[in-house]
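Below is one structure, written out as structure tokens; comments come after it.
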Amino acid sequence: MSGELIVAIFLALLVLIILAKTAVVVPQQSAYVVERLGKYSATIGAGFHILIPFLDVIRYKHTLKEVAMDVPEQICITNDNVQVGVDGVLYIKVLDAERASYGITDYHFAISQLAQTTLRSEIGKIDLDRTFEERTNINVQVVNELDKASAPWGIKVLRYEIRNINPPQDVLNAMEKQMRAEREKRAVVLTSEGQRDAAINNAEGEKQKVIKASEARKQQQINEAEGEASAILAIAIATSEGIRKIAEANQVPGGYEAVQLRVAEQYIQEFGELAKASNTLVLPASVSDVGSMIALAMNVINKSPGASQATP
């Protein structure tokens, strides 16, 4: 009885072992490489699979998810012979599980080493000052080179990102001084440009001021000249109108005597003003003869065109 129990237990264990060897469940986003008698047989994807016991063996297991690989920091020499420490992150994905299994021994190590050598090559092409602004171009170049090399391995390099660029401390100090000098230079340039613009604006303002002042003086002179011309014209018109009125008055009865009276009054008034202006006068002898002076003035009036010919 005990012997039969031992056999049953043995058979049960054998069945379990066979089931374990033949029944395989592959997780989602995974690929298993199956070998039959040491030779590649098939690549099985997600799901339940039955293998041939003792003949089929799962040799490699790969994840088809995108994997982030850490690329260790390494010392790179720039084009201007400055040593910088650079590290990054590499993103890869297995596209062909068979080639990833048999194309290379360890694709993680191979891609990491290739990324480091490619990065050193790209950093060596540029100067230190451009390494920070050329990060995107460096990343693209590294991805292109790695993708070409990893294609036979069934690996797709998706992207590479530089994480840190660490120059030596003395270089950092020099770069800080350079940036400070550049900022001071820009400040001086901006100040000088501001002063120049202010001087230009002031000169332009003075120029406009002078132009406006000259235009104002010009307009003032024009207005004064027009005013004087208008005054002269008005005086001339008034004088001619007065002479015409005198001529008309001279022709009416009693007009001649009125003219004589007016001439005598003006003569006496002007003679009095002349006496006030100076204490010493040199006058002709006939000046005191009012009658002769009136006769002389009336003679001039009578000789005017259209004047009265009446006898005084």
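Looking only at segment 69-125, count every residue that is under 17 Å from Gly154 (Cα atoms), among the β-branched types (Val, Ile, Thr) and in contact with a Pro (Cβ under 9 Å, 6 or more places away or on another chain) and tell me the total.
Here the count works out to 1.
Before we move on, is Glu98 within 30 Å of Gln141 (Cβ to Cβ) and surrounded by 15 or more Cβ atoms within 10 Å (Cβ to Cβ)?
Yes, satisfied.
Scanning for something part of a loop (DSSP other than H, G, I, E, B), at negative phi and surrounded by fewer than 19 Cβ atoms within 10 Å (Cβ to Cβ), does segment 105-115 turn up at least one residue?
yes
If you take the residues of segment 47-87 that are at pLDDT 90 or above and not in a strand (DSSP E or B), which of them is surrounded by the most Cβ atoms within 10 Å (Cβ to Cβ)?
Applying the filter and picking the extreme gives Leu64.
Where the second residue is assigned to a strand (DSSP E or B) and polar (S, T, N, Q) and the first is under 13 Å from Ser101 (Cα atoms) and not assigned by TED's automatic domain parsing to the domain that holds Arg99 and lies in segment 35-50, which pairs have Cβ atoms under 9 Å and are six or more apart or on separate chains?
Listed pairs, sorted by first residue: Glu35/Ser41.
The values are calculated or read from the model by the stated rules, or taken from the named source; none is laboratory data. Not measured: the values here are computed from a predicted model. Neighbour counts run over all protein chains shown; Cβ positions are idealised from the backbone, glycine included.
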